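What follows is a single structure, written as structure tokens, with notes after it.
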Amino acid sequence: MGKTTAEKIFDAHLVNEPFPGTKVLRLDAVLCHEITTPIAIDDLIRRGKDRIFDTTKIKAVIDHVTPSKDTKTATQAKILRDWARRHDIKDFFDVGANGVCHALFPERGFIRPGYTVIMGDSHTCTHGAFGAFAAGVGTTDLEVGILKGVCAFRQPKTIKFNVNGTLPKGVYAKDVILHIIGKIGVNGATDRVMEFHGSTIDDMSMESRMTLCNMAIEAGGTSGICQPDMTTVEYLWPFIKDDFAGREAALADYSEWRADADAEYDQTIEIDVATLQPTVTFGYKPDQVKTVTEMAGAPLDQIYIGSCTNGRIEDLRIAAQILKGHKLAPNVRGILSPATPAIFKSAAKEGLIDIFMEAGFCVTNPTCGACLGMSNGVLANDEVCASTTNRNFMGRMGKGGMVHLMSPATAAASAIEGKIADPRKYL
Amino acid sequence: MKTFGGPVLFLDRSDINTDEIIPAKYLTEITKEDLKPYILEDLKLPGFDPKGEKTRNARVVVSRANFGCGSSREHAPWVFEVNGITAVIAESFARIFRQNMFNCGMAAIELPVADLDEIFAHSGEADAAMSIDIEAGVLTMSGGGKQKTFNFEISPFDKALVLAGGWVDYADQKY
């Protein structure tokens, strides 16, 4: 019997099975940020175990609230910074070099096919776009990961999504994943890996695949996983060119992580994207979705473009294409946060930043900030935000505030009209 | 091992998320104890008061499906722990929240809907309380002069974590 990608990765990383159904895996990457790591660091110090398992496999970034906004956030940043220095963690990203973790770490080539990745952040599932098993964990799992380089999992079952067809005009990876979450529900993939296959995924860039996998957790999924292919190799090539004779050799090596044709799945779900429309959430759960046609005209106060879901260069290009020559409607304010410094620089070089600023957007530094209501764009009570982020929980972007999740294209069209608007008329 | 059982807080809704349990703006606290006042601050349910006596006295939370969905923040189990709540009983849990509970030596116990319906029938009673025996896999719901016992299963690994007092101690001995 064949294996799924997750089964192959589990088998290759298995340390032991302490109890039936629980597998302890060796970790290839332990990612850290300043919100969930400091308490782990404090606990390790308190236990007299301030050690790390491997200097090269731990990556750290200050991203959630940066530059620090007050004494508390400055203290969190300092704990992470001091720890990274103390342990000589080479890949530590401080103010000026920092960006949203799930955009920054892949951009640096840290994630490879077949890897096991954990982070104290639920959107760690993003990294499955590279054919990795990447799971968000809590601070205690992170602490053990830092100390021992292992993590325990129940072996997840896998749901196979066959996503086929050409994306219609104005429909992107964000619309596909919102549609899928709407279809299976917010716990439709709990204790499951969401493995994406099909021509639509084959045609997607790595950025789009990251958007897709990023929101696996919004359906309860342990990890999203895409199949490594030449697109994966091309993205990673600057980092792996010395490791392989050529791209074909890299592809052959990475292909061992592709699911076998006779792998067994918990469930197989067919998605035909040809009939998809731009998709928008309407309530306080990510599975509450409607088409933009149904949602058009809904009132807004703020437009937010950024985050680990949709703050990458491809997203900025799409939004700028729509915004070019337009102004923000007078009733709304717009905020753009390019997800990393490299994205910011590319956007400036390509003239995208000019387009956003001429439209009236405020362009902020890379940070998670507003997405979870911590800084740089928090909503007031009863305010509504059109957002390219991943979570629309009640009060997520600020107490009493509401969030409509959507693609960068729909957010840009909505910015122009000051209410939820269909991007297709601008394309 | 922690102690389990006592007065019950009933939260009768599915998909209660980690932002409702502890809003992100409090994630800047460095100690678990500092989270204490903010328990369930953003949860809106009829008759529920996050600052009320029922919340203050609770030692067990009973809820519905997909409890603890959303963020990976372990601050959600911690805010329960510092308020004296060491067990959550629900139809199902989000994976990360469930593991965080056991990793802290706390209990996330799943029960079938029919059992939960019987337990929720006690929600109006002032003396609603639950005793929990982790090793035996038995919990007893009492209130309004009635009492009923329910069996539950937690995985052998999760049980080992509860008995060891959490994952750090367990892993440090074994790996």
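The values are calculated or read from the model by the stated rules, or taken from the named source; none is laboratory data. The shown structure was predicted, so the numbers you read here are calculated from the model rather than taken from an experiment. Here the Cβ is made from the backbone with ideal geometry for all residues, glycine too, and neighbour counts use every protein chain on show.
Does region B:88-95 contain any residue that is more than 14 Å from chain A (Cβ to nearest Cβ), crowded, with 24+ Cβ neighbours inside 10 Å, closer than 19 Å to B:D15 by Cα and not basic (K, R)?
Among the residues of region B:88-95, at least one is more than 14 Å from chain A (Cβ to nearest Cβ), crowded, with 24+ Cβ neighbours inside 10 Å, closer than 19 Å to B:D15 by Cα and not basic (K, R), which makes the answer yes.
Against the test of being more than 14 Å from chain B (Cβ to nearest Cβ), free of Cβ contacts under 8 Å to residues at least 40 places away in the same chain and within 21 Å of the chain's Cα centre (by Cα), the options A:F110, A:F92 yield a single qualifying residue, A:F92.
Being out of contact with any strand residue (DSSP E or B) (no Cβ under 7 Å at 6 or more places or on another chain), farther than 30 Å from A:D242 by Cα and outside the structural domain of A:T389 (by TED's automatic domain parsing) is a description that does not apply to A:K23.
I'm checking my understanding of the structure. Among residues of region A:362-409 that are aliphatic (A, V, I, L, M) and away from chain B (no Cβ under 14 Å), which one is farthest from A:G185 (Cα to Cα)? Once the filter is applied, the top-ranked residue is A:V363. Can you name every residue in region A:168-181 that is more than 14 Å from every other protein chain (Cβ to nearest Cβ) and either buried (at least 20 other Cβ atoms within 10 Å of the Cβ) or part of a helix (DSSP H, G or I) (or both)? Within region A:168-181, A:G170, A:V171, A:Y172, A:A173, A:K174, A:D175, A:V176, A:I177, A:L178, A:H179, A:I180 meet the criteria. Within region B:108-161, the residues that satisfy the criterion of being β-branched (V, I, T) and away from chain A (no Cβ under 13 Å) are B:I109, B:V113, B:I119, B:I132, B:I134, B:V138, B:T140, B:T149.
Counting only residues that are in contact (Cβ under 8 Å) with a residue 60 or more places away in the chain and not in a loop (DSSP other than H, G, I, E, B), region A:294-336 holds 22 of them. Yes or no: B:C104 at the interface with chain A (Cβ under 8 Å from one of its Cβ atoms), of a type outside the set (V, I, T), more than 24 Å from B:V138 (Cα to Cα) and buried (at least 24 other Cβ atoms within 10 Å of the Cβ)? For B:C104, the condition - at the interface with chain A (Cβ under 8 Å from one of its Cβ atoms), of a type outside the set (V, I, T), more than 24 Å from B:V138 (Cα to Cα) and buried (at least 24 other Cβ atoms within 10 Å of the Cβ) - is not met. Of the listed requirements (1) among the aliphatic types (A, V, I, L, M); (2) crowded, with 20+ Cβ neighbours inside 10 Å; (3) touching a residue at least 40 places away in the same chain (Cβ under 8 Å), B:M1 misses just one: (2).
Of the residues in region A:224-236, none is assigned to a loop (DSSP other than H, G, I, E, B), over 18 Å from A:T309 (Cβ atoms) and touching a Leu at 6+ places or on another chain (Cβ under 6 Å).
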